[in-house]
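The values are calculated or read from the model by the stated rules, or taken from the named source; none is laboratory data. These figures come from a predicted structure and were not determined experimentally. Reconstructed Cβ throughout: ideal geometry from the backbone, glycine too, with neighbour counts over all protein chains shown. SASA here: full protein model, heavy atoms, side chains in, ligands and nucleic acids out. Shrake-Rupley method; radii C 1.70, N 1.55, O 1.52, S 1.80 Å.
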Amino acid sequence: MDTVSAIRLSLVHPVLAAKVQAMTAALAADGITIRVIQGLRTLQEQNADYAKGRTAPGSIVTNARGGQSWHNYGLAVDCAPGIRGAAVWTPNWDASSLDWETMISAGEAQGLIAGARWTSFPDRPHFQLPNIPVSPDDAARTLLSAGSMKNFWAKYGPLQESA
Ligand SMILES: [Zn+2]
């Protein structure tokens with residue numbers, strides 16, 4: 001696990017972090033080096049992303065506003081395999097690379113939900129904890145707005161089954 005990934009995992013739910021660490025180790029044994037390319041996104045960051053291509057310059061990058069992505073709750077990460085043999089870690093965006101399927105299967109082997117399997121809007125790098133709704137519900141948004149993320153982790157009902 002590289003330092004960048006470790007720092008990102010330190011900000012997400014500990015159960016998710018442990019599963020991604022186990023997934024990383026399993027893939028390393030297969031010669032695949034993955035990196036956590038995104039972990040926690042704050043509500044402010046999510047809203048700034050949502051504005052891109054709408055009320056701010058740039059292209060549309062997301063359909064989720066603040067509170068509508070599990071990244072905002074520390075319950076999702078995005079990962080990518082690196083190009084094999086690269087001197088400096090470089091993401092492998094080649095959609096035909098088998099390393100993607102191997103990574104997705106390794107995440108599922110840890111019990112994670114893989115966004116790559118979503119039929120309506122596949123999200124290849126995305127993994128989230130099981131036993132929670134596919135997207136945050138009103139109960140989740142209300143609870144997060146009432147307190148800290150750690151308070152949310154301790155009190156959100158569906159999450160307790162993941163721990
Ligand atoms: Zn994601």
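Some notes on this structure:
- Carbon plus sulfur fraction of accessible area for the chain, probe 1.4 Å, in percent: 56
- The relative contact order of segment 62-163, computed from alpha carbon pairs under 8 Å that lie at least 6 residues apart in sequence, is 26 percent.
- Coupling constants for segment 13-24 follow from the phi torsions by the Karplus curve (6.51 cos²θ - 1.76 cosθ + 1.60, θ = phi - 60°), and in residue order they are 4, x, 5, 5, 4, 5, 5, 5, 5, 5, 4, 4 Hz; glycine and proline get x.
- Between the amide H of Cys79 and those of Ile37, His126, Phe127, distances stay under 5 Å, these residues lying 5 or more places away or on another chain, with hydrogens modeled in the peptide plane.
- Helix-only CD estimate at 222 nm, as mean residue ellipticity for the chain, using -39500 (n - 2.57) per DSSP H run (n ≥ 4): -11000 deg cm²/dmol
- For segment 1-68, the Cα gyration tensor yields ellipsoid semi-axes of 30, 14, 9 Å (square root of five times each eigenvalue, largest first, whole Å).
- Rounded if a/c under 1.5, otherwise prolate or oblate - segment 6-163, Cα gyration tensor axes: oblate
- Per residue, the solvent-accessible area of segment 3-155 (1.4 Å probe, heavy atoms of protein chains only, all protein chains present) comes to 51 Å².
- Segment 29-45 and segment 74-139 have Cα centres lying 9 Å from one another.
- Where a label projected 7 Å from the Cα of Glu108 along Cα→Cβ would reach, residues of segment 4-28 with amide N under 19 Å: 19-28
- Student exercise, the chain dipole from Lys, Arg, Asp, Glu Cβ charges, in Debye to nearest 20: 420
- In whole angstrom, segment 89-163 maps to an equivalent ellipsoid with semi-axes of 29, 13, 12, each derived as √(5λ) from the alpha carbon gyration tensor and ordered largest first.
- Inter-label distance, Asn47 to Trp93: 2.9 nm, where each label sits 7 Å from its Cα along the C-beta direction.
- Across segment 1-132, C-alpha contacts under 8 Å between residues 6 or more apart give a mean separation that, scaled by the residue count, equals a relative contact order of 24 percent.
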